[in-house]
Every structure is written in structure tokens, then in C-alpha cells.
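The values are calculated or read from the model by the stated rules, or taken from the named source; none is laboratory data. Not measured: the values here are computed from a predicted model. Don't worry about glycine lacking a Cβ; one is built from the backbone with ideal geometry, like all the others, and counts go over all protein chains shown. Quick note on the areas: whole protein, heavy atoms, side chains included, nothing else; ligands and nucleic acids left out. Shrake-Rupley method; radii C 1.70, N 1.55, O 1.52, S 1.80 Å.
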Amino acid sequence: RNDTNLGMQENVLKVVREARGDYVFILTDDDLLQPGALAKVAQATRSHPEAAYLLSHLATVDERTGAVADVHRTFAVDTVTAPGIETISRVAGSAWVLSRQVLKRDCIDWDTWERFRANIFFPIIVAGRLLLQYPACYLADFLVKHTWFNAVHWGAFGPNELAIELRLAADRTRCMSAILHDQAALPAAQLSTERWESASFRSYLYLPVRGYHDLIHGVGEREARRALEEAFLMTSAR
């Protein structure tokens, strides 16, 4: 228990630092552990002790309606990946939900986590650093049921859904440059970062709801353009 409310990012960092197990399985307060999940994780870590990271399928339920909003699968079958930039590009984008991730404590890059701790998508950054350096295990199974738009959680990131979506998009766009912060001069890192940033930026522009189109209708074109330029690192190409 904390003396004061630390917020999500600081609280998770503290919890993982204070954990004493060889592996940390994280389950946040708005998600549900599925039957048999921990036994499956334990078996995976025994079968693949070389892996420093584990991820799984994810079903997301919209808490406002109770309906399944999304089912996300990174691989169709159980998979062990080799470390490197190609694996980051394939897997890290799936790591936005903290629950259902398993971290090998001795392999965590604490310096990078501390440096980019303010990013909403710090789970992607932490996972990316593990994927860069160690093999990873993917379980093609649903270990956790995730809930979306938890009122207490999302309300901390903005006054309304339009502002929250913009903040989410901007932070996600910065993840690859954070993961590869110490390799920025390498051509492969530059290419991977540019692809990630361009894809993330376009995804926000063309969101069917709560994206740039709705932002224009909500605050006007001039104010929306200003918000966009403040939120993203705008290159001449963009």
C-alpha cells in the first residue's frame, strides 16, 4: 500500500521493483485472470527458460457496454521468437496492455523504464527492450480478459475521449524511438522507427471515431491542427 496515490505508471514500476520472484506476471485492477492461466505460464517458463518475456492472445471487453470490442492475436500458434529489431516490430505493438505480460526480472532494463516512465505505453517500451535482447515466448491462448474504458483509469489521461485518444496516439508514436534510444544511429533502427511513427500517425488520422476527424468537429480545424502539431513530432514529410 502506498501513502499517496502514485498513479498507474509509478505504482507499476514500484510493484515490479519490489517483486522477488524470478518472473513477474502482471494483472491490473480492470482485468480478469482466466482459469488455468498461471499454470500455463509456469509450464511455458519451464519449457523455455531462455525466454525473458512472455505474451498471449487478448480479448477486450468494453466496460461501458459489456460487449467484446476486440480480439487480438499476434501469432496463430505458440511461438518462440529470436531477439532483434524485426521481432520488436512484430511483437511490441501487441504489448500495450500490461496484463498478460510476463517479465523475467533479472533481464529488465530498469534504466530505460525509468527514463521513459511517463509514457502511457511504457509496457510497450519495457517489452521492446526485452525483445531486443532476449528470446520471447508467445502463448496462443487467452490468459487475461481485458476491459476497455475503465472510467477511473482512462480519466487520468485527459478531460474527454478526444483528448485521451490524442494522448494515447502521441505516446504510442514515441515508443519505438524509446525502445531503440541507444541505437538511433543504426540504419535498421532508423528505418524501424520511421515505419512505426508513420504507421502510428496515420492510424490516428484515420481513426473512425475519436480521431482527428472528430477532433476537428469537436474543437475546430485551427485548434485541432495546433493540438496535432503539439502532440506529434512533425517531420516535413508528414
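Here are the numbers for the structure shown:
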read-out	value
All helices (runs of 4 or more DSSP H) inside the stretch 101-180 with 1 or more residues being under 27 Å from residue 193 (Cβ atoms), of a type outside the set (Lys, Arg) and in contact with a Gly (Cβ under 9 Å, 6 or more places away or on another chain)	110-115, 122-133, 161-173, 175-179
The stretch 214-238 residues that are within 22 Å of residue 195 (Cα to Cα) and in a loop (DSSP other than H, G, I, E, B), paired with ones that are at pLDDT below 90 and not hydrophobic (A, V, I, L, M, F, W, C) (beta carbon under 9 Å, 6 or more apart)	232/238
Checklist (1) within 25 Å of residue 86 (Cβ to Cβ); (2) surrounded by fewer than 20 Cβ atoms within 10 Å (Cβ to Cβ) applied to residue 224, failing item	(1)
Selected residue (criterion: nearest to residue 171 (Cα to Cα)) from residues of the stretch 7-23 that are over 18 Å from the mean Cα position of the chain (by Cα) and open to solvent by less than 70 Å² (accessible area, probe 1.4 Å)	19
Restricting the stretch 88-112 to residues that are modelled with pLDDT of 95 or more and surrounded by fewer than 19 Cβ atoms within 10 Å (Cβ to Cβ), the residue that is farthest from the chain's Cα centre (by Cα)	106
Residues of the stretch 189-226 that turn out to be among the small types (Gly, Ala, Ser) and under 16 Å from residue 172 (Cα atoms), as a count	6
Residue that is nearest to residue 94 (Cα to Cα), among those in the stretch 10-60 that are part of a strand (DSSP E or B) and of a type in the set (Gly, Ala, Ser)	56
Pair list, Cβ < 6 Å and 6+ apart or interchain, from the stretch 41-62 residues that are of a type in the set (Asp, Glu) to residues that are open to solvent by 30 Å² or more (accessible area, probe 1.4 Å)	50/135; 62/69; 62/148
Checking residue 197 against (1) at pLDDT below 95; (2) closer than 18 Å to residue 92 by Cβ; (3) more than 16 Å from the chain's Cα centre (by Cα); (4) of a type in the set (D, E, K, R), the condition it does not meet	(3)
Condition met for residue 180 (of a type in the set (A, V, I, L, M), touching a helix residue (DSSP H, G or I) at 6+ places or on another chain (Cβ under 9 Å), more than 21 Å from residue 73 (Cβ to Cβ) and open to solvent by less than 10 Å² (accessible area, probe 1.4 Å))	yes
Which numbered condition residue 37 fails, given (1) open to solvent by less than 20 Å² (accessible area, probe 1.4 Å); (2) within 17 Å of the chain's Cα centre (by Cα); (3) of a type outside the set (S, T, N, Q)	(2)
Selection within the stretch 76-99 - of a type outside the set (S, T, N, Q) and over 25 Å from residue 177 (Cβ atoms)	76, 77, 78, 80
